[in-house]
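Participant: My questions all concern the structure below.
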Amino acid sequence: MKKIIVALLVVIMTIGISAPTASAAVIGTFDYTVFPARVNMTAQGTGSFCITVPASATPYAGVQYEVQLADGVVINSVSYSLQDEAVLKTPPETPPENLKPNVYYFSFAAVKNGSTFENRYTAAVTCTVNVTYTGTTEKAIRINEIKQFAIKDGTETNDRVSDKTTAVTLVPNRGEVSTDASLSSLTISEGTLVPGFSPNTTAYTAAANKDARSITVTAVPSYAGASVVGAGDRELAVGDNTINVTVTAEDGETKRTYTIVVTRPADSTNVDDPGGGGTHGSGGGSGAPPVGEIDDAQTALSAIFPFADVGEGDWHYNDVYYVWEKSLMDGTGEGIFSPNMTLTRGMVVAVLYRHEGRPSVEDMDNPFPDVAEGIWYTDAVMWASEGKVIQGYDNGNFGPNDNVTREQLATILYRYAEYAEADIPASREYPGFNDDASISEYARVAVTALYRAEVINGRPNNRFDPKGSATRAEFAAMIHRFLEV
């Protein structure tokens with residue numbers, strides 16, 4: 001059994017909070033992930049998997065891994081994708097240092113220029129391992145976390161033995177042409193993807209620093225035989241920058257596009273977000289002050305509206321102002337609302353949970369295996385499940401980072417009205433859409449009721465587009481109308 005030790009050392013970043021002193025010896029737990037769990041090899045016998053280590057608050061934190069290769073598996077190369085403006089200080093050796101037979105060491109360090117030991121923080125890093133295997137049976141690769149450690153002045157301190165282990169299965173190519181057009185990794189050099197990356201989520205936003213002039217997008221296809229267009233270095237203009245990364249499967253026909261809207265604020269409009277989930281306004285208003293009819297007191301309130309990417313001339317200004325003032329929706333970054341970002345299922349229940357006053361979930365169960373503890377949407381999902389506001393998929397998952405479809409959104413709002421025992425008025429007739437037959441049976445009552453209440457509308461060409469997605473601005477308008485009917 002061949003072995004290769006991958007030591008992922010020190011990716012350092014500076015963040016805008018007070019840092020612990022160098023005497024803080026406790027090392028946090030690295031909840032690393034390995035994906036995909038099954039690697040479909042190409043016809044040429046190549047494939048890749050990724051090890052992702054999240055950011056840590058420990059200066060000079062590192063993790064060492066042992067990768068155990070099955071017979072017939074060869075590692076071709078190892079590459080690293082860094083986030084949070086980190087730059088390599090000690091590049092990995094090429095080829096890696098080989099101190100004893102079949103044991104290789106990969107080590108590197110990266111710091112943000114001008115930082116000191118006390119305020120250096122480990123940034124997120126993804127290690128992509130490319131392998132070759134031409135056998136005919138499935139083979140397992142086992143990744144063992146050997147230890148966690150901190151380094152100061154070149155000396156390792158606070159070693160901690162770890163017994164976490166993960167396996168990756170290599171699936172040999174049997175002549176079939178792959179239709180897999182998904183990504184296994186998507187990272188950016190500036191800012192952080194929101195929501196966090198998932199192969200099934202195709203719409204993201206990120207907030208760039210006002211001084212950023214460019215961004216590097218790194219995309220790794222799940223199937224090595226797929227091609228990727230749109231990644232690499234991109235220039236950033238002030239405002240929203242839409243980056244489309246398109247994956248074409250090996251069959252040449254199946255495609256999937258991942259969209260990232262990166263917002264770079266202007267110098268004069270880089271307003272700090274007053275807080276995540278806090279109380280922004282009076283909470284008693286019904287929306288933004290009418291443009292052009294604002295008295296002195298209203299001018300003072302409008303002046304603290306934090307979102308540089310939502311202007312008074314935008315169609316959704318009043319709606320975004322409403323959800324912000326009611327503390328129902330916050331920004332996605334510093335002074336950024338991202339109105340064109342696609343809405344996820346987790347975002348929807350989080351807004352309803354805030355409107356409900358964030359009730360305690362202490363005695364509630366979490367029925368969804370893909371909803372981890374301590375995430376920003378965890379309590380909201382538990383509350384919504386307990387109140388029968390939401391249901392999961394047939395596989396038992398909830399999919400908090402999946403884009404919510406228009407028919408799912410209508411159903412969730414309708415069930416919330418039932419939960420709250422709220423009346424849904426009928427102020428207009430349901431016209432019948434050209435794509436009514438595409439509306440799922442479970443959603444028909446909800447779509448009809450919310451259209452009649454003027455909460456939701458159709459789309460051009462008399463379509464409802466039930467499987468289409470909704471943006472954050474569209475949801476702000478829907479929730480505004482929904483809570484005011």
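Let's see how each residue does on (1) part of a loop (DSSP other than H, G, I, E, B); (2) touching a His at 6+ places or on another chain (Cβ under 9 Å):
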residue: Trp324; (1), (2): no, yes
residue: Asp330; (1), (2): yes, yes
residue: Met347; (1), (2): no, no
residue: Leu352; (1), (2): no, no
residue: Pro359; (1), (2): yes, no
residue: Asn366; (1), (2): yes, no
residue: Trp376; (1), (2): yes, no
residue: Ala384; (1), (2): no, no
residue: Gly392; (1), (2): yes, no
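Participant: Can you find even one residue in the range 459-475 that is more than 29 Å from Thr259 (Cα to Cα) and either exposed (fewer than 15 other Cβ atoms within 10 Å of the Cβ) or more than 27 Å from the chain's Cα centre (by Cα) (or both)? Can you show your working first?
Facilitator: First, pick out the residues of the range 459-475 that are more than 29 Å from Thr259 (Cα to Cα): none.
For the range 459-475, residues more than 29 Å from Thr259 (Cα to Cα) and either exposed (fewer than 15 other Cβ atoms within 10 Å of the Cβ) or more than 27 Å from the chain's Cα centre (by Cα) (or both): absent.
Participant: State the number of residues belonging to the range 47-56 that are surrounded by fewer than 18 Cβ atoms within 10 Å (Cβ to Cβ) and either at pLDDT 80 or above or touching a Leu at 6+ places or on another chain (Cβ under 8 Å) (or both).
Facilitator: Of the residues in the range 47-56, 0 are surrounded by fewer than 18 Cβ atoms within 10 Å (Cβ to Cβ) and either at pLDDT 80 or above or touching a Leu at 6+ places or on another chain (Cβ under 8 Å) (or both).
Participant: Would you confirm, using the coordinates I've provided, whether Ala426 is free of Cβ contacts under 8 Å to residues at least 24 places away in the same chain and either on the phi > 0 side of the Ramachandran plot or exposed (fewer than 15 other Cβ atoms within 10 Å of the Cβ) (or both)?
Facilitator: Numbers: free of Cβ contacts under 8 Å to residues at least 24 places away in the same chain: no; either on the phi > 0 side of the Ramachandran plot or exposed (fewer than 15 other Cβ atoms within 10 Å of the Cβ) (or both): yes.
No: the conditions fail for Ala426.
Participant: If you don't mind, another one. Give me a count of the residues in the range 330-380 that are crowded, with 23+ Cβ neighbours inside 10 Å, of a type in the set (A, V, I, L, M) and at pLDDT below 90.
Facilitator: Total meeting the criteria: 3.
The values are calculated or read from the model by the stated rules, or taken from the named source; none is laboratory data. Every value quoted in this text rests on a predicted model; they were computed, and no experiment measured them. Please note: Cβ atoms are built from the backbone with ideal geometry, for glycine as well, and neighbour counts cover all protein chains shown.
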